[in-house]
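The values are calculated or read from the model by the stated rules, or taken from the named source; none is laboratory data. All of these numbers come straight from a predicted model, not from anything done at the bench. Every residue, glycine as well, gets a Cβ built from its backbone with ideal geometry; the counts of neighbours run over all protein chains shown. Note: areas computed on protein heavy atoms with side chains; ligands, DNA, RNA excluded. Shrake-Rupley method; radii C 1.70, N 1.55, O 1.52, S 1.80 Å.
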Amino acid sequence: MRYFIELSYNGSAYHGWQNQPTAISVQEVIEKGLSTLLKTPIAIVGAGRTDAGVHATQMFAHFDTDLEIDEAHLTYKLNAFLPKDVAIHEIFKVQPETHARFDALSRAYLYRISLKKNVFNVDAAYYVKQQLDVEKMQKACRILFDYKDFQCFSKVNTDVKTYNCDIMKAEWFFKDDELHFVIKADRFLRNMVRAIVGTMVNIGLGKLAVDDLHTIIQSKNRSEAGYSVPGHALYLTEVAYPNDIKL
């Protein structure tokens, strides 16, 4: 039987989602908790991989077991077992072939930029003290919809077969003393969102023209794009699936 887990986590203490040989990961602590509570080794598969320090307000993973599970009771017990920066929202049974990664229809991310020095959000948002031209950054968003191949924003030496992504949403908006960037696509490349944000910050600072984004994307060269902004201000906010995956 296959089960899905819906969860969230503060990634500050973790070296990303995926298991690492020499560093703690979110996947590792959840697998340890499930294996302990179910008294059998459990491996989980996540909807994607987040980098070190990146957070998730919504993440999904799946695991297989022959055990009959009381989903609500296991959710309660797992929350009690896990550290305070990982929360399980629901565990539910799905069709045996449903896959947390491959069956996801889309993913959405939020990036938070703090426009004022704020001692209470230093671990949650990226402080940019220079003035940003948000109108230019918004124009740059519209350019993203003209393309599918985003190799220029991907980490080099990745094992992907294609750099194509279908971007469904990309926009900047103000929220209190912060500037937020939201982006939604069917899939994302490694480091893609942070590289897009860094490139757009450079546009907002006047280091790049809006139309330079065309040249950057067409180059398919990571060195042509902007810097990678820090991971602590990035949040995976939504993973969408077909409505009929639950049993």
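Within segment 202-247, work out how many residues are part of a helix (DSSP H, G or I), open to solvent by less than 40 Å² (accessible area, probe 1.4 Å) and more than 21 Å from Val156 (Cβ to Cβ).
Here the count works out to 3.
So which of Thr50, Thr98, Thr75 is under 15 Å from the mean Cα position of the chain (by Cα) and within 30 Å of Ala185 (Cα to Cα)?
Checking each option against the conditions leaves just Thr50.
Which numbered condition in (1) within 21 Å of Ala56 (Cβ to Cβ); (2) in a loop (DSSP other than H, G, I, E, B); (3) not β-branched (Val, Ile, Thr) is the only one that His180 fails?
(2)
Just name the residue that is nearest to Tyr126 (Cα to Cα) out of those in segment 10-34 that are over 21 Å from the mean Cα position of the chain (by Cα) and surrounded by 15 or more Cβ atoms within 10 Å (Cβ to Cβ).
Among those that are over 21 Å from the mean Cα position of the chain (by Cα) and surrounded by 15 or more Cβ atoms within 10 Å (Cβ to Cβ), it is Gly33.
Kindly indicate which of Leu67, Leu74, Leu78, Leu144 is out of contact with any Phe, Trp or Tyr (no Cβ under 7 Å at 6 or more places or on another chain), open to solvent by less than 10 Å² (accessible area, probe 1.4 Å), of a type in the set (A, V, I, L, M) and over 30 Å from Val229 (Cβ atoms).
So the residue among Leu67, Leu74, Leu78, Leu144 that is out of contact with any Phe, Trp or Tyr (no Cβ under 7 Å at 6 or more places or on another chain), open to solvent by less than 10 Å² (accessible area, probe 1.4 Å), of a type in the set (A, V, I, L, M) and over 30 Å from Val229 (Cβ atoms) is Leu78.
Does segment 183-200 include one or more residues that are more than 25 Å from Gly48 (Cβ to Cβ) and modelled with pLDDT of 95 or more?
No, every residue in segment 183-200 fails to be more than 25 Å from Gly48 (Cβ to Cβ) and modelled with pLDDT of 95 or more.
Would you point out the residue of segment 39-49, among those that are at pLDDT 95 or above and open to solvent by less than 30 Å² (accessible area, probe 1.4 Å), that is nearest to Leu74 (Cα to Cα)?
In this case the residue turns out to be Ile42.
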